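The values are calculated or read from the model by the stated rules, or taken from the named source; none is laboratory data. All of these numbers come straight from a predicted model, not from anything done at the bench. Note: ideal-geometry Cβ built from the backbone for every residue, glycine included; neighbour counts use all protein chains shown. Protein only, heavy atoms only, side chains kept; ligands, DNA and RNA dropped before computing areas. Shrake-Rupley method; radii C 1.70, N 1.55, O 1.52, S 1.80 Å.
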Amino acid sequence: VDSPADKTCPDALCTQTITCEAFISRMLSYDRNFFATPKSLADTVQIVKTEASGYVETIQVGNLSVSGNDFRYLFDLPSAAFTVKITGDTVTFSSTGIGHGVGFSQYGADAMAKEGKTYKELLGYYYPGTVIN
(Lines give C-alpha, C1' and ligand atoms only; values in the text may rest on other atoms or scores of the structure.)
Protein backbone atom coordinates (compact mmCIF):
# COMPACT_ATOMS: atom_id res chain seq x y z
CA VAL A 1 0.00 0.00 0.00
CA ASP A 2 1.03 3.60 -0.37
CA SER A 3 2.90 4.90 2.66
CA PRO A 4 3.08 8.69 2.22
CA ALA A 5 5.18 9.33 5.34
CA ASP A 6 7.99 7.25 3.83
CA LYS A 7 8.71 10.05 1.37
CA THR A 8 9.73 12.31 4.27
CA CYS A 9 12.08 9.76 5.81
CA PRO A 10 15.55 11.32 6.15
CA ASP A 11 17.13 8.29 4.49
CA ALA A 12 14.54 7.94 1.71
CA LEU A 13 16.96 9.05 -1.01
CA CYS A 14 20.44 7.59 -1.21
CA THR A 15 23.26 8.01 -3.72
CA GLN A 16 26.38 5.84 -3.79
CA THR A 17 29.30 5.93 -6.22
CA ILE A 18 31.95 3.29 -6.88
CA THR A 19 34.57 2.79 -9.57
CA CYS A 20 33.85 0.66 -12.61
CA GLU A 21 36.64 -1.68 -11.49
CA ALA A 22 34.99 -2.14 -8.09
CA PHE A 23 31.66 -2.75 -9.83
CA ILE A 24 33.17 -5.44 -12.05
CA SER A 25 34.93 -7.05 -9.08
CA ARG A 26 31.66 -7.22 -7.14
CA MET A 27 29.85 -8.71 -10.16
CA LEU A 28 32.57 -11.35 -10.48
CA SER A 29 32.06 -12.26 -6.83
CA TYR A 30 28.37 -12.75 -7.67
CA ASP A 31 29.04 -14.89 -10.76
CA ARG A 32 32.53 -15.77 -11.95
CA ASN A 33 31.18 -16.02 -15.53
CA PHE A 34 30.34 -12.30 -15.56
CA PHE A 35 31.94 -10.39 -18.37
CA ALA A 36 32.16 -6.68 -19.05
CA THR A 37 34.94 -4.15 -19.29
CA PRO A 38 34.99 -0.68 -17.76
CA LYS A 39 34.45 0.72 -21.28
CA SER A 40 31.54 -1.62 -22.09
CA LEU A 41 29.62 -1.10 -18.84
CA ALA A 42 27.73 2.00 -19.97
CA ASP A 43 26.37 0.03 -22.94
CA THR A 44 25.64 -3.19 -21.09
CA VAL A 45 23.93 -2.13 -17.85
CA GLN A 46 20.21 -1.67 -18.31
CA ILE A 47 17.16 -1.99 -16.08
CA VAL A 48 14.93 -4.40 -17.98
CA LYS A 49 11.81 -4.58 -15.84
CA THR A 50 10.39 -2.63 -12.91
CA GLU A 51 7.28 -3.09 -10.80
CA ALA A 52 4.59 -0.39 -10.84
CA SER A 53 5.94 0.80 -7.48
CA GLY A 54 9.38 1.46 -9.00
CA TYR A 55 11.20 -1.57 -7.62
CA VAL A 56 13.56 -3.19 -10.11
CA GLU A 57 12.59 -6.74 -10.99
CA THR A 58 15.37 -7.44 -13.50
CA ILE A 59 18.56 -5.67 -14.55
CA GLN A 60 20.86 -6.70 -17.39
CA VAL A 61 24.51 -6.36 -16.36
CA GLY A 62 27.05 -7.29 -18.99
CA ASN A 63 26.23 -10.85 -19.99
CA LEU A 64 24.04 -11.53 -16.91
CA SER A 65 20.41 -10.97 -16.07
CA VAL A 66 20.14 -10.25 -12.34
CA SER A 67 17.10 -9.87 -10.10
CA GLY A 68 16.65 -6.43 -8.58
CA ASN A 69 16.85 -7.89 -5.08
CA ASP A 70 20.07 -9.79 -5.79
CA PHE A 71 21.58 -6.62 -7.27
CA ARG A 72 20.39 -4.58 -4.29
CA TYR A 73 22.08 -6.92 -1.79
CA LEU A 74 25.20 -7.28 -3.92
CA PHE A 75 25.79 -3.53 -3.91
CA ASP A 76 24.45 -2.85 -0.41
CA LEU A 77 21.63 -0.63 -1.68
CA PRO A 78 18.92 0.26 0.85
CA SER A 79 16.14 -0.80 -1.53
CA ALA A 80 15.48 -2.37 -4.93
CA ALA A 81 13.99 0.92 -6.16
CA PHE A 82 17.19 2.14 -7.79
CA THR A 83 18.77 3.57 -10.92
CA VAL A 84 22.29 3.05 -12.22
CA LYS A 85 24.30 5.69 -14.07
CA ILE A 86 27.75 5.09 -15.51
CA THR A 87 29.89 8.13 -16.20
CA GLY A 88 33.51 7.79 -17.16
CA ASP A 89 35.09 5.39 -14.70
CA THR A 90 32.37 5.56 -12.02
CA VAL A 91 29.04 3.87 -11.37
CA THR A 92 26.44 5.82 -9.40
CA PHE A 93 23.44 4.19 -7.76
CA SER A 94 20.46 6.27 -6.71
CA SER A 95 17.90 4.49 -4.58
CA THR A 96 14.57 5.46 -3.11
CA GLY A 97 13.22 4.04 0.14
CA ILE A 98 14.49 1.52 2.60
CA GLY A 99 13.70 -2.18 2.64
CA HIS A 100 12.07 -4.65 0.33
CA GLY A 101 8.92 -2.64 -0.41
CA VAL A 102 6.56 -5.38 0.68
CA GLY A 103 4.63 -5.16 3.90
CA PHE A 104 4.85 -3.04 6.97
CA SER A 105 6.67 0.29 6.76
CA GLN A 106 8.30 1.06 10.08
CA TYR A 107 8.61 4.75 9.27
CA GLY A 108 5.06 5.05 7.93
CA ALA A 109 3.58 3.12 10.84
CA ASP A 110 5.42 5.34 13.31
CA ALA A 111 3.95 8.45 11.68
CA MET A 112 0.46 6.94 11.74
CA ALA A 113 0.87 5.94 15.41
CA LYS A 114 1.84 9.51 16.25
CA GLU A 115 -1.46 10.54 14.63
CA GLY A 116 -3.24 8.28 17.12
CA LYS A 117 -3.80 5.15 14.99
CA THR A 118 -3.97 1.88 16.93
CA TYR A 119 -1.95 -1.23 16.17
CA LYS A 120 -5.10 -2.81 14.71
CA GLU A 121 -5.55 0.14 12.36
CA LEU A 122 -1.90 -0.03 11.35
CA LEU A 123 -2.05 -3.76 10.62
CA GLY A 124 -5.32 -3.32 8.73
CA TYR A 125 -3.83 -0.53 6.64
CA TYR A 126 -0.58 -2.28 5.71
CA TYR A 127 -2.20 -5.71 5.29
CA PRO A 128 -5.63 -5.03 3.73
CA GLY A 129 -8.18 -7.73 4.44
CA THR A 130 -6.51 -8.77 7.69
CA VAL A 131 -8.97 -9.74 10.39
CA ILE A 132 -7.80 -9.18 13.95
CA ASN A 133 -9.75 -10.83 16.75
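So, Asp76, is that one within 28 Å of Tyr126 (Cβ to Cβ) and in a helix (DSSP H, G or I) or not? Can you show your working first?
Working: within 28 Å of Tyr126 (Cβ to Cβ): yes; in a helix (DSSP H, G or I): no.
It is false that Asp76 is within 28 Å of Tyr126 (Cβ to Cβ) and in a helix (DSSP H, G or I).
So which of Ser105, Ser95 is within 30 Å of Val1 (Cβ to Cβ) and touching a Pro at 6+ places or on another chain (Cβ under 9 Å)? Steps first, please.
Working: Ser105 fails: touching a Pro at 6+ places or on another chain (Cβ under 9 Å).
Just a single option satisfies the conditions, and that option is Ser95.
From the set of residues in region 23-49 that are open to solvent by less than 40 Å² (accessible area, probe 1.4 Å) and in contact with a helix residue (DSSP H, G or I) (Cβ under 9 Å, 6 or more places away or on another chain), which is farthest from Ile86 (Cα to Cα)? Filtering region 23-49 for residues that are open to solvent by less than 40 Å² (accessible area, probe 1.4 Å) and in contact with a helix residue (DSSP H, G or I) (Cβ under 9 Å, 6 or more places away or on another chain), the one farthest from Ile86 (Cα to Cα) comes out as Phe34.
Residues considered: Thr96, Thr50, Thr58. Of these, the only one that is within 12 Å of the chain's Cα centre (by Cα) and at pLDDT below 90 is Thr96. Please list, ordered by first then second residue, the pairs with beta carbon atoms under 6 Å, 6 or more apart or interchain, first in region 110-133 and open to solvent by 70 Å² or more (accessible area, probe 1.4 Å), second part of a loop (DSSP other than H, G, I, E, B). Partner pairs satisfying both residue conditions: Lys120/Ile132.
Going by the structure shown, is Asn69 outside any loop (DSSP other than H, G, I, E, B), open to solvent by 40 Å² or more (accessible area, probe 1.4 Å), touching a residue at least 24 places away in the same chain (Cβ under 8 Å) and not acidic (Asp, Glu)?
Details: outside any loop (DSSP other than H, G, I, E, B): yes; open to solvent by 40 Å² or more (accessible area, probe 1.4 Å): yes; touching a residue at least 24 places away in the same chain (Cβ under 8 Å): yes; not acidic (Asp, Glu): yes.
In short, yes.
Return the residues of region 63-86 that are over 12 Å from Val45 (Cβ atoms) and either modelled with pLDDT of 95 or more or of a type outside the set (A, V, I, L, M) (or both); say none if nothing qualifies. Hits for region 63-86 are Ser67, Gly68, Asn69, Asp70, Arg72, Tyr73, Leu74, Asp76, Pro78, Ser79.
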